1. Could you check how many residues of segment 105-145 are among the small types (Gly, Ala, Ser) and within 14 Å of the chain's Cα centre (by Cα)?
2. State whether the residues of segment 22-29 include one that is in contact with a strand residue (DSSP E or B) (Cβ under 6 Å, 6 or more places away or on another chain), in a helix (DSSP H, G or I) and either charged (D, E, K, R) or loosely packed, with under 13 Cβ neighbours inside 10 Å (or both).
3. Considering each residue of segment 79-128, count those that are surrounded by 18 or more Cβ atoms within 10 Å (Cβ to Cβ), modelled with pLDDT of 95 or more and of a type outside the set (A, V, I, L, M, F, W, C), and give that number.
4. Tell me, yes or no, whether segment 45-63 has at least one residue that is in a strand (DSSP E or B) and either in contact (Cβ under 8 Å) with a residue 40 or more places away in the chain or closer than 19 Å to residue 147 by Cα (or both).
5. When you scan segment 11-34, do you find a residue that is free of Cβ contacts under 8 Å to residues at least 24 places away in the same chain and farther than 16 Å from residue 89 by Cβ, even just one?
Amino acid sequence: MNIDSILVPERTRCNLQAMSKKRAIEEAAGYIAQTLPDLTAAEIYEGLINREKLGTTAIGHGIAIPHCRMDKCGETIGGLFRLSQPVDFAAFDDQPVDIMFILIVPSEEADEHLQTLAMLAERFESAGYRKKLQTAKSDRELYELALQNPMPDAKQA
């Protein structure tokens, strides 16, 4: 699976304004819902927040991957958001989050869900990839940088 199969420019936002984890997820859910005729922002938000209650989706280094499975979702979809200011996601490394990749998958796609999460986690392991995303200046630049293959780091940051 490649990132370009789940991410489109319309679900990529640079400088998302939010002062808390809940507000960041709510704002992102609104952008995602605009691109999906069968799901509302409230449904997406509820699914993501319910999953977040089970434990943080922050993976460290300022990255979080809020995700959920939804009945009315027909295919795996993603949304990439760079927050204008980092917010606390209760990450294990205590770093606030400034990059969120939201993942929504059909309820019956457990294997695809796990494969996609693994692909995203692998991408975000690259310090160079993270830094590029964190310095994007526009929605388009963020999207284009996200599609690039991460270069292996000489040593992990």
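The values are calculated or read from the model by the stated rules, or taken from the named source; none is laboratory data. A quick note: this is a predicted structure, and the numbers were derived from the prediction, not measured. For neighbour counting, all protein chains shown are included, and Cβ atoms are generated from backbone atoms with ideal geometry for every residue, glycine included.
1. Of segment 105-145, the ones among the small types (Gly, Ala, Ser) are 107, 110, 118, 121, 126-128, 136, 138.
Those left that are additionally within 14 Å of the chain's Cα centre (by Cα): 118, 121.
Residues flagged as among the small types (Gly, Ala, Ser) and within 14 Å of the chain's Cα centre (by Cα) within segment 105-145 amount to 2.
2. The initial filter retains those residues of segment 22-29 that are in contact with a strand residue (DSSP E or B) (Cβ under 6 Å, 6 or more places away or on another chain), namely 24, 27-28.
Now restrict to residues that are in a helix (DSSP H, G or I): 24, 27-28.
Now restrict to residues that are either charged (D, E, K, R) or loosely packed, with under 13 Cβ neighbours inside 10 Å (or both): 27.
Taking every residue of segment 22-29 in turn, at least one turns out to be in contact with a strand residue (DSSP E or B) (Cβ under 6 Å, 6 or more places away or on another chain), in a helix (DSSP H, G or I) and either charged (D, E, K, R) or loosely packed, with under 13 Cβ neighbours inside 10 Å (or both).
3. Qualifying residue count, segment 79-128: 3.
4. Our first condition is that a residue be in a strand (DSSP E or B); within segment 45-63, this holds for 58-60, 63.
From what is left, the residues that are either in contact (Cβ under 8 Å) with a residue 40 or more places away in the chain or closer than 19 Å to residue 147 by Cα (or both) are 59, 63.
Among the residues of segment 45-63, at least one is in a strand (DSSP E or B) and either in contact (Cβ under 8 Å) with a residue 40 or more places away in the chain or closer than 19 Å to residue 147 by Cα (or both), which makes the answer yes.
5. Within segment 11-34 (the criterion being free of Cβ contacts under 8 Å to residues at least 24 places away in the same chain and farther than 16 Å from residue 89 by Cβ), the answer is yes, since at least one residue qualifies.
Residues checked against (1) closer than 18 Å to residue 9 by Cα; (2) among the acidic types (Asp, Glu):
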residue: 82; (1), (2): yes, no
residue: 87; (1), (2): no, no
residue: 91; (1), (2): no, no
residue: 106; (1), (2): no, no
residue: 111; (1), (2): no, yes
residue: 117; (1), (2): no, no
residue: 124; (1), (2): no, no
residue: 141; (1), (2): yes, yes
residue: 144; (1), (2): yes, yes
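Residue-wise test of (1) at pLDDT 95 or above; (2) among the charged types (D, E, K, R); (3) within 15 Å of the chain's Cα centre (by Cα).
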site: 1; (1), (2), (3): no, no, no
site: 9; (1), (2), (3): yes, no, yes
site: 21; (1), (2), (3): yes, yes, yes
site: 27; (1), (2), (3): yes, yes, yes
site: 35; (1), (2), (3): no, no, no
site: 39; (1), (2), (3): no, no, no
